[in-house]
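What follows is calculated from the coordinates using simple rules that are stated; it is not laboratory data. The structure displayed is predicted, hence computed values, not measured ones. Ideal geometry is used to build each Cβ from the backbone, glycine not excepted, and the neighbour counts take in all protein chains shown.
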Amino acid sequence: MNVTNAAQRNRGTIFVEDASVIDVQSFPGKQFVIRLHAAKCAARATAGSFIHIQCDETIPMRRPLSIMRVDVTEGWIEVLFKTVGEGLRALGNKKIGDAVSVIGPIGHGFVPSSERPRTLLIGGGVGIPPMVFLAETLHEDNFDWHPLVIMGSEIPFPFDMTTSAIPTPWLADEISGSMPLLESWGIPSRLASLQGYDGCFRGYVTDLARKWLMSLSKSELAEVELFSCGPTPMLKAVASLAREFDLACQVSLEEFMACAVGGCAGCAVRVTSSDGVAMKRVCVDGPVFDAATVFAE
Amino acid sequence: MRLDSPIVLLSGCVGFGEEYTRIEGFSNRDAGAIVLKGTTLEPRLGNPPHRVYETPMGMLNAIGLQNPGVDKVVDEILPGLDFTETRFMANVCGSTIEDYAAVTRRFDDSPIDAIEINISCPNIKEGGVSFGNYPEMSAKVVAACRAQTSKPIIAKLSPNQTDIRENARLCIEAGADALAVINTVMGMAIDAESRKPIIGNVRGGLSGPAIKPIALLKVHQAYEVAGPNNIPVIGQGGISNAADAIEFIIAGASTVGVGTALFYDPLVCTKINDGIADYLKRHNFASVSDLVGTLQY
């Protein structure tokens, strides 16, 4: 299967590319989507992998950003970020034609299993990008996946919400806000927020996810796997939900990063497996981990 | 010991020697030597997150010597390294003088080319103070290691002390064949909102361009002692480009250490090598050694 094989490729070569900015879109809440021409990176990226980007020549430390979309033919990658400090603010100020140095693609991505085709993708805030990448990968794969995407945000979503034409009988009709891109791929998506946005579920992504899971039969549940990226409290809640329904769950983690290629061990997190406790590097051992190994009961 | 390039890749920045070779365009051959991750007698998990944090023109790190222990390094990692590409040096750490001696003895019976002694580790028998901050304690560590090996020994000196010259003198008397100057400068970062330290270990080592002026002075002071004894100094601390490297050589360094700069640009070694060669040609120096310690005042 293409998807699972592709995810394994990222133990391979990492490229250093002088990428050029080919599009910049800004959204409320200081959110930006930047499209970069970085052909080598695009050719090898998989859902869950990331780039280590130099925001500006005056700020030498790089920032890790999840890849949201790639076009291998046109050689571009797209990233979404919210400006939190000086570095990403500088990146948000980039104009079409500007050059930025990119290292990538880096990391083990998500690996869906054909035994669990009902993939539930849960993205929160700036954790949305890898969920979009995974959804597009499943959409383009020749296997019959059944993805559902749930996104949460406490600031306006970084896209112009559309009303979904894909029915979700497990949910009230008025909760029909969705991401246009996913809608165009025929993938159902629903949005959650505590802010009371029109068309969105008022509550947490995990509350919305629970509604769907409770609508499934036992045999359907056996075909479900969770994939998630977002703030740590959300990932903990997703891991807890997976445990509650006895589901497999893969989460993409974030940590301050220096080298991003496994050289410094600066981004290590505590992982517990049958081999015992270990400190694993988010950059090259992850960023995707089995949720049960990083969030204890 | 002759090195093919004056660049030494620094301990803690390049893992166990193979991590950066995944990057297209990077070669271990571009460095004269590579110092492996700090190694202790027993395996160590290292510190909890956060382990790294960006600061103005630099970064703090407190990795906590995560390593699999010297037996695993010698038995499983060293056999996988290509010693025809560059020189590999061990970095020996310990909590007691006996630990340092035992790790050195283990590396003595290995293909490693030289042994760097990281005397900045905390001494658990003296309340956790760093061996390296006290000249007598530093010399005791060096002497204990000297007794265990005939391989070249490098003492990595701390900047966190009153007079580095005295420390250099005692380490040379104790049998050091070379000095590495400087290790990181101790610092901390605080999150004012939570009033908590950002680094999991509370304190960490500052590296990057921010410490370059400190390092230049310490290198020059160490050279005043080492030069007359024909003891080479590996100058390190914030070197990011060829101009920085040349300044360190003029201050008295025979070779230059590169660490944090790799995080900015993984392909920086070739640029530094080319820049040094260009400088030597422009100023009619036949080799790097002719430029060492030529500071005029």
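Odds and ends about this structure:
- Relative contact order of region B:7-291, defined on C-alpha pairs under 8 angstrom at six or more residues apart (%): 17
- Mean projected area in nm² (Cα convex hull; one quarter of hull surface) for chain B: 15.3
- With viscosity 1.002 mPa s and temperature 20 °C, the Kirkwood radius over alpha carbon pairs of region A:118-251 converts through Stokes-Einstein to a diffusion coefficient of 147 µm²/s.
- Chain A: relative contact order in percent, alpha carbon pairs under 8 Å with at least 6 residues between: 17
- Distant-in-sequence amide H partners of B:Thr39 (H built 1.01 Å from N, under 5 Å): B:Asn91, B:Val92, B:Cys93
- Taking the Cα centre of region A:3-106 as reference, the dipole from Cβ charges on Lys and Arg (+1) and Asp and Glu (-1) amounts to some 320 debye.
- Order by protection proxy (mean Cβ within 10 Å, highest first), peptides B:167-175, A:229-237: B:167-175, A:229-237
- Other residues lying with their Cβ under 12 Å from the Cβ of B:Val225 contribute a combined charge of -1, Lys and Arg counting +1, Asp and Glu -1.
- Only Lys, Arg, Asp and Glu carry charge here, each on its Cβ (+1 for the first two, -1 for the last two); on that basis region B:185-297 has a dipole of about 220 debye about its Cα centre.
- Leading residue at positive end of dipole, chain B (Cβ point charges), from B:Pro68, B:Ala226, B:Ser130: B:Ser130
- Tensor-based shape of region A:104-177 (alpha-carbon gyration tensor, a/c under 1.5 rounded, otherwise prolate or oblate): oblate
- Per chain A, cysteines lacking a partner by the 4.7 Å Cβ criterion: A:Cys41, A:Cys55, A:Cys200, A:Cys229, A:Cys249, A:Cys267, A:Cys283
- Amide H within-cut-off set for B:Phe88, under 5 Å, with H built and near neighbours excluded: B:Ile34, B:Asp113
- In terms of its C-alpha gyration tensor, region A:3-106 comes out prolate, because a/c is 1.5 or above and the ratio a/b outweighs b/c.
- Per-residue average of Cβ from other chains inside 10 Å of B:7-16: 3
- Remark: mean inter-chain Cβ contacts per residue of B:42-51 equal 4, using a 10 Å Cβ-Cβ cutoff to other protein chain atoms.
- The HN-Hα couplings worked out from phi for region A:149-158 by the Karplus form 6.51 cos²θ - 1.76 cosθ + 1.60 (θ = phi - 60°) are 10, 10, 10, x, 7, 9, 10, x, 5, x Hz, whole numbers, x standing for Gly and Pro.
- Working from Cα pairs under 8 Å separated by at least six residues, relative contact order for region A:118-251 is 28 percent.
- Mean ellipticity per residue at 222 nm, deg cm²/dmol - from DSSP H runs of n ≥ 4 across the protein assembly as shown, formula -39500 (n - 2.57): -7000 deg cm²/dmol
- Formal net charge of residues neighbouring B:Gly237 (Cβ-Cβ distance under 9 Å; K, R +1; D, E -1): +2
- Globularity ratio of chain A, using Cα Rg and 2.2 N^0.38 Å: 0.95
- Selection from B:Ala147, B:Asn167, A:Ile128 lying farthest towards where the dipole of the protein assembly as shown points positive, charges on Cβ: B:Asn167
- Taking a Cβ cut-off of under 11 Å around A:Leu247, the surrounding Lys, Arg, Asp and Glu residues balance to a net charge of -1, with basic ones at +1 and acidic ones at -1.
- Note on region B:1-133: semi-axes of the ellipsoid equivalent to its C-alpha gyration tensor, largest first and rounded to whole Å, are 24, 20, 14.
- For region B:41-95: rounded, prolate or oblate by the Cα gyration tensor [a/c cutoff 1.5]: oblate
- Peptide B:252-265 is shielded by partner chain Cβ atoms: per residue, an average of 3 of them sit within 10 Å of its Cβ.
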